[in-house]
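Worksheet: the structure to be examined is printed underneath.
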Amino acid sequence: MTVKDVFVSAPGKAILHGEHAVVHGKVALAVSLNLRTYLRLKGTTTGSVCINLPNIDTFLCYDLSELKQLIPVSCGKREEGKPLDAELVRKLREFISVTNGNLDTYNMATLSFLYIYISLFGSSELPSLTVSVWSELPTGAGLGSSAAYSVCLASALLCASGAIPAPLKESDQSARWCQEDLEQINSWAFQGEMIIHGNPSGVDNAVGTWGGMLRFLAGKIIPLSRVPLLRILLTNTNVPRSTKVLVAGVKDKINKFPSIMTPVLDSVDAISCTCEKILSEITCEPITGEHYNILEELIDINQHHLNVMGVGHPSLDTLCQVTLTKGLHSKLTGAGGGGCGITLLRPETDSSVVQTTVQDLKDCGFDCWETSIGGPGVQQHSPLSVKEEVLEILNRY
Ligand SMILES: Nc1ncnc2c1ncn2[C@@H]1O[C@H](COP(=O)(O)OP(=O)(O)O)[C@@H](O)[C@H]1O
Ligand SMILES: C[C@@](O)(CCOP(=O)(O)O)CC(=O)O
Ligand SMILES: [Mg+2]
């Protein structure tokens with residue numbers, strides 16, 4: 001069986017409020033970024049499955065005959081939204097550690113690819129194909145690169161398997177799936193996130209799938225109908241960390257000090273709700289200085305809470321201090337422990353202040369840039385419509 005080529009992309013995200021607390025059933029507010037992950041799937045006749053992941057220096061090929069051995073005996077077509085198939089995960093872990101030496105975090109990328117591939121095709125015939133992925137997002141830095149990757153995998157593999165149609169018409173440059181198909185993509189992406197994160201809330205893959213700004217609570221996704229025009233500075237401290245490890249650390253802390261940590265999580269929940277209220281006022285009333293004063297205070301309080309949860313880092317403290325000298329307020333975004341932070345810019349913040357702040361942060365060894373938010377969720381593209389620099393990289397494979 002030869003599968004059709006598919007080209008897709010999905011955005012990264014910034015969590016405004018609610019990271020970590022969202023894993024424990026609290027509200028999070030998240031927004032898509034203008035940085036995307038691109039995936040090209042090509043049907044081949046080589047009798048192998050190849051995966052090219054240049055962001056993480058991973059280039060692998062497997063014979064279909066090897067992969068067939070991994071199909072669980074019980075393999076019917078697995079339904080989405082179910083817990084991971086423990087037998088398949090065990091077989092894949094064994095297989096990857098045998099062929100690839102170790103189980104470092106970057107091998108999670110291979111594991112999640114193979115998991116979705118075998119789950120979707122295992123009950124029929126495994127097709128020969130090559131998947132190449134390139135991302136504009138920093139990997140493992142809090143901007144949801146794992147979710148953008150999982151959403152791309154899920155959409156391309158679902159499309160290739162025929163479980164969902166390819167929405168792109170001949171004359172289109174890019175196209176989106178219908179709601180029902182997006183739900184399927186989101187739920188398979190969640191499985192990929194489970195492999196990479198251990199215990200994800202699902203907020204990141206929801207933003208990667210639907211884009212825009214959304215409120216997420218216990219698996220329920222409510223898109224905000226109007227996305228306020230927020231100006232946000234993104235800073236990558238370049239301190240590496242793993243979401244899986246940080247999420248597990250917060251859980252341990254909650255288990256150890258339940259009566260101390262529960263109020264912290266409740267407070268984060270209230271911060272998300274208050275922020276949502278202010279943002280909705282900003283979209284339909286004249287913006288006042290007071291709106292921004294409150295947003296800034298919420299950022300400060302939440303950053304303290306995240307430190308209490310044990311996911312701060314000296315580099316993030318530096319970010320907060322440096323921006324505060326310019327009157328700007330910052331917090332970590334995503335799992336913390338290094339990685340990225342967001343800084344809220346007020347509508348009246350002068351571009352010269354932004355420029356000097358960016359320079360000061362760069363002098364600390366950080367990457368820093370002003371970003372736009374609220375981009376579209378997962379899309380299928382005609383390769384001709386994709387940015388030259390992305391095509392150039394993906395064309396190498
Ligand atoms: N472009 C990519 N190519 C391959 N794997 C990726 C890519 N982006 C993310 N990943 C996978 O996601 C992991 C990082 O996920 P995570 O620790 O959750 O950080 P993030 O905040 O970026 O989501 C990587 O170790 C890798 O397994
Ligand atoms: C910490 C958490 O709230 C967000 C993690 O985001 P990221 O992988 O650091 O981009 C975990 C989750 O919601 O699954
Ligand atoms: Mg992640």
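The values are calculated or read from the model by the stated rules, or taken from the named source; none is laboratory data. Keep in mind it's a predicted model, so treat the numbers as computed, not measured. Backbone-built Cβ (ideal geometry, glycine too); neighbour counts: all protein chains shown. Side chains are part of the model used for accessible areas, which takes the heavy atoms of the whole protein and leaves out ligands, DNA and RNA. Shrake-Rupley method; radii C 1.70, N 1.55, O 1.52, S 1.80 Å.
In the structure shown, the pairs Lys13/Lys42; Lys91/Lys244; Lys253/Lys331; Lys26/Lys256 are assessed against 23 Å; a Cα-Cα span above that value is assigned to Lys13/Lys42. Once the Cα atoms are used to define both axes, helix 86-100 deviates from the longest principal axis of the chain by about 80 degrees. Taking amide H atoms as placed 1.01 Å from N in the peptide plane, the amide H of Val239 lies under 5 Å from those of Gly339, each 5 or more residues away in sequence or on another chain. Cross-link reach is defined here as a Cα-Cα straight distance under 12 Å, omitting same-chain residues fewer than 8 places apart; for Lys387 the aspartates and glutamates meeting it are Glu136. Qualifying GluC sites (Glu not before Pro) in the stretch 292-397, where qualification requires a DSSP coil assignment and no more than 10 other C-beta atoms within 10 Å, comprise Glu348. In whole angstrom, the stretch 119-213 maps to an equivalent ellipsoid with semi-axes of 21, 17, 14, each derived as √(5λ) from the alpha carbon gyration tensor and ordered largest first. Let a ≥ b ≥ c be the square roots of the eigenvalues of the Cα gyration tensor of the chain; is it rounded (a/c under 1.5), or, if not, prolate (a/b larger than b/c) or oblate? Here the chain falls in the prolate category. When the alpha carbon gyration tensor of the stretch 188-281 is reduced to an equivalent ellipsoid, its three semi-axes come out at 24, 19, 15 angstrom, largest first.
Length gain on complete extension for the stretch Lys362 to Gln173, per 0.36 nm per residue less the alpha carbon to alpha carbon distance? Don't jump to the answer; show the numbers that get you there.
Details: separation 189, 0.36 × 189 = 68.04 nm, distance 3.66 nm.
Between Lys362 and Gln173, full extension yields 64.4 nm more.
With the Cα gyration tensor of the stretch 313-375 giving a ≥ b ≥ c as the square roots of its eigenvalues, does the rule (a/c under 1.5 for rounded; else a/b larger than b/c for prolate; else oblate) give rounded, prolate or oblate?
oblate
Each residue of the stretch 244-249 is assigned a 3J(HN,Hα), and the resulting list reads 4, 5, 5, 5, 5, x Hz, derived from the Karplus form 6.51 cos²θ - 1.76 cosθ + 1.60 (θ = phi - 60°), x at Gly and Pro.
For the chain, what is the accessible area per residue in Å², given a 1.4 Å probe and the full set of protein chains? About 40 Å² of surface per residue is accessible.
Based on alpha-carbon atoms only, what is the radius of gyration of the stretch 240-352 relative to the globular estimate 2.2 N^0.38 Å?
Values: Rg = 15.4 Å, N = 113, 2.2 N^0.38 = 13.3 Å.
It is 1.16.
The apolar share of the surface of the chain, taken as the fraction of accessible area on carbon and sulfur atoms (1.4 Å probe, ligands and nucleic acids excluded), comes to 54 percent. In terms of accessible area, using a 1.4 Å probe and ignoring ligands and nucleic acids, Lys326, Lys26 rank largest first as Lys326, Lys26. For His17, the residues whose amide H sits under 5 Å from its own are Leu29, ignoring neighbours fewer than 5 places away on the same chain, with H placed 1.01 Å from N.
When ranked by the protection proxy of mean other Cβ atoms within 10 Å per residue, highest first, what sequence do the peptides 258-264, 35-41, 16-22 form? Could you put the intermediate results ahead of the total?
Working: 258-264: 12.6, 35-41: 25.3, 16-22: 28.1.
Per-residue mean Cβ counts within 10 Å order the peptides as 16-22, 35-41, 258-264.
For Thr58, the residues whose modelled amide H falls within less than 5 Å of its own, excluding neighbours fewer than 5 places apart on the same chain, are Leu53. Rounded to the nearest 500, the 222 nm mean residue ellipticity of the chain from helices alone is -14000 deg cm²/dmol, with -39,500 (n - 2.57) taken per DSSP H run of at least 4 residues.
Computed extension gain for Val245 through Phe257, at 0.36 nm per residue and net of the alpha carbon distance, reaches 2.5 nm. Modelled spin-label separation between Thr46 and His304, with each label point placed 7 Å from Cα along the Cα-to-Cβ direction: 5.6 nm. Between the beta carbons of Met1 and Ser225, assuming R0 = 56 Å, the FRET efficiency works out to 0.85 to the nearest 0.05.
Residues in the stretch 299-312 carry Karplus couplings, in order, of 4, 5, 4, 5, 4, 4, 4, 5, 5, 4, 5, x, 10, x Hz; the curve used is 6.51 cos²θ - 1.76 cosθ + 1.60 with θ = phi - 60°, and Gly or Pro positions show x. Restricting the calculation to alpha carbons of the stretch 290-397 gives Rg and Dmax of 17.3, 52 angstrom. Coupling constants for the stretch 27-33 follow from the phi torsions by the Karplus curve (6.51 cos²θ - 1.76 cosθ + 1.60, θ = phi - 60°), and in residue order they are 6, 10, 10, 9, 9, 6, 10 Hz; glycine and proline get x.
Helix 258-284 against the longest principal axis of the chain: what's the angle in degrees, Cα atoms only, rounded to the nearest 10? With rounding to tens, the tilt is 80 degrees.
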